[in-house]
Amino acid sequence: MFSSFNNSYNLFGIHSWFLPAFFLLIAWSLYWKGTALWKASKKNQPVWFVVLLIINTAGLLEILYIYYFSKKSSREEGEEENKEEQN
């Protein structure tokens, strides 16, 4: 009677799809966290490095940093260099 219900759970009482999804989420998060931390350290941005290290957002903050904030700071540095060259 309950055999079909019990087949969708493993020994720990969680759904059988949960563990693969959990490990996939860990791999996804580690990839983006590692990439963002490496980029922050190369750009000598210790505040971003600490924030990215402590806050875990499953890769969302890391992706925003890589594609938006790190490029924004690069543009700002370029503008400052241009101002210094003009003076």
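Any read-out appearing in this document is the output of simple, stated calculations on the displayed coordinates, not a laboratory observation. The structure presented is a predicted model; accordingly, all values stated were derived computationally and were not measured. Every residue, glycine as well, gets a Cβ built from its backbone with ideal geometry; the counts of neighbours run over all protein chains shown.
The gain in end-to-end length when the A58 to L30 segment is fully stretched comes to 9.2 nm, 0.36 nm per residue minus the alpha carbon separation.
Panel order for K42, K33, by other beta carbons found within 10 Å of each beta carbon, from fewest to most: K42, K33. Taking the number of Cβ atoms within 10 Å of each Cβ as an exposure proxy, the fewest-first ranking of L52, L64 is L64, L52. Based on the convex hull around the alpha carbon atoms, the range 13-54 presents an average projected area of 3.3 nm².
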